[in-house]
Every structure is written in C-alpha cells, then in structure tokens.
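Encoded as structure tokens, the structure appears first; notes follow it.
The values are calculated or read from the model by the stated rules, or taken from the named source; none is laboratory data. These figures come from a predicted structure and were not determined experimentally. Cβ atoms come from the backbone with ideal geometry, glycine included; neighbour counts cover every protein chain shown. For the accessible areas, the whole protein counts, side chains as well, though only heavy atoms, and no ligand, DNA or RNA atoms are used. Shrake-Rupley method; radii C 1.70, N 1.55, O 1.52, S 1.80 Å.
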Amino acid sequence: MIEKSIEIKMAEDFDAHPIAMLVQIASKHDSDIYLATEGKKVNAKSIMGMMSMPLNQGESVTVIAEGTDEQAAVAAIGSYLNGKTE
C-alpha cells in the first residue's frame, strides 16, 4: 500500500469534467485507489464518491493505492492533480 500527500495545482476548478477525468485515470489501474481529505475517504473510481469530495486548488489530498500497479496509479493521479495531462 502506498500513501502520498499531493497539493492540488490544477488550473481549472473541480467541477464535473475534471472529476470525471480523474475517475477515468483511476479506472485505468487495477489497484484499489482512494482519495482522503478533511476526514473523508472516497473511492477514486467512483464518480458519485468523487463528486462528494471537497477538492480545492491549493489544498492537499492523500492518494492511497493498493494493488499490483499502485505506484503507477499514484504517479498518474499525482500528475493530474498537479495540472499535468497524460
């Protein structure tokens, strides 16, 4: 299991489109992936869970991944949250 704290540096606000993109990135990986912030932990592959997650520019979120490709999963989500596209 890997846990990594990442500061959100995306140029756009977290509305439906960026959240959907995040879910798509998470869904490409076999590992179980969660995002945790402010005492809330949600499945990064769940669009409904991610829509309920309070994500804001400049805040930190913890990415938690467990599985065969956990390192790649954390790296991909970290890149996305840092404003880099795949």
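Axis angle, to the nearest 10 degrees, between helix 16-27 and the longest C-alpha principal axis of the chain: 10 degrees.
Here the dipole of the chain is about 40 debye; that uses its Cα centre as origin and unit charges on the Cβ of Lys and Arg (positive) and Asp and Glu (negative). Couplings for the range 66-82, taken from phi via the Karplus curve 6.51 cos²θ - 1.76 cosθ + 1.60 with θ = phi - 60°, read 9, x, 5, 10, 4, 5, 5, 5, 5, 5, 5, 5, x, 4, 5, 5, 8 Hz in order; Gly and Pro are left as x.
Pop out the carbon and sulfur fraction of the accessible area of the chain as a percent, whole number, probe 1.4 Å.
48
Over the chain, DSSP H runs of length four or greater, each weighted -39,500 (n - 2.57), average out per residue to a 222 nm ellipticity of -10000 deg cm²/dmol.
With the other protein chains left in place, how much accessible area per residue, in square angstrom, belongs to the chain at a 1.4 angstrom probe?
I get 56 Å² per residue for this part.
Per-peptide packing, taken as the mean over residues of other Cβ atoms within 10 Å, places 64-73, 9-18 in the sequence 64-73, 9-18 from highest down. Report the relative contact order of the range 16-86, percent, no decimals, based on alpha-carbon pairs under 8 angstrom and at least 6 residues apart. It rounds to 34 percent for the range 16-86.
What do the square roots of 5 times the Cα gyration tensor eigenvalues come to for the chain, in whole Å, largest first, as semi-axes of the equivalent ellipsoid? Numbers along the way, then the final one.
Details: eigenvalues 59, 35, 32 Å².
Equivalent-ellipsoid dimensions as semi-axes: 17, 13, 13 Å.
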